[in-house]
């Protein structure tokens, strides 16, 4: 029997989730593309709900789809080339999946008392957002809090850029970032933002205790209502001619410096 066509309702659902944030939110699902990310999702134990596999996929990809099916996922075989047209990736690599989009509350994270977390204020580029998720997870952040106005942390490009970090680091989406920061402060977190200039040099800053590192948008930096909630600013000293670092690079330096100091103090 031939695989599903691009007009099939199940395939159209995949198309909508690949392209629209609202569709992902309404369905409570997001898209995972390619065998590497699907394998990582299964390894992480996240809830893979639906798998789409190209009818001409390799034996290895089919075995991966079968593994997802054994874990409870519904499996659809689709006609060759369909995934290339209905998913975000230029080349689908023969498999895509729909994964449950977790809903985490800020109160759960705020009460953990973990060493540090990362807050994203209006990060618009999916590559930057994904890299920050990846760095936060690698450095041991308790969570990543995502405010409104930025890219969807579960958009396909963000998921790819995170290299699977979305499956491992808790992501908390909040509707009003200043209120979320106030709640974190009430729970005992210090709030430190990043700035290109006029902040405390990173090497001199106190990064001890529960700290939330707040990173602003690429174009405008921290929004004024967000900046007003902060306990201080961090600046990464530079000797070259660049005015500032890419937000993903700056955030990566900050979280790994925080992790390094905690290892040294242990």
Helix 35-44 versus the longest principal axis of the chain: what angle, 0 to 90°, nearest 10, using Cα atoms?
70 degrees
Return 30, 52 ranked ascending by Cβ neighbour count within 10 Å, so the fewest neighbours appear first.
30, 52
Against the longest principal axis of the chain, how steep is helix 59-70, in degrees 0 to 90 to the nearest 10, with axes from Cα atoms?
80 degrees
Proxy reagent accessibility, fewest Cβ within 10 Å first, across 167, 116, 256:
256, 167, 116
What is the distance, in nm, between label points placed 7 Å from the Cα along the Cα-to-Cβ direction at residue 108 and at residue 223?
2.4 nm
By how many degrees, 0 to 90 and rounded to 10, does the Cα axis of helix 177-186 deviate from the longest principal axis of the chain?
60 degrees
Would you calculate the volume per residue, in Å³, of the smallest convex hull containing every Cα atom of the range 9-100?
81 Å³
Between the range 162-176 and the range 187-266, how far is it from one alpha carbon centroid to the other, in angstrom?
19 Å
Over the chain, calculate the relative contact order: mean separation of alpha carbon pairs under 8 Å at least 6 apart, over the residue count, as a percent.
18 percent
Rounded, prolate or oblate: which one fits the range 130-266, using the alpha carbon gyration tensor with axes a ≥ b ≥ c (rounded when a/c is under 1.5, else prolate when a/b beats b/c, else oblate)?
rounded
When a/c reaches 1.5 or more, the comparison of a/b and b/c decides; with that in mind, is the chain rounded, prolate or oblate per its Cα gyration tensor?
prolate
Using only Cα atoms, locate the centre of the range 1-23 and the centre of the range 75-153, then give the distance between them in Å, rounded to an integer.
20 Å
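The numbers here are math on the coordinates, done by the rules we state, and not lab data. Computed from a predicted structure; not experimentally measured. Here the Cβ is made from the backbone with ideal geometry for all residues, glycine too, and neighbour counts use every protein chain on show.
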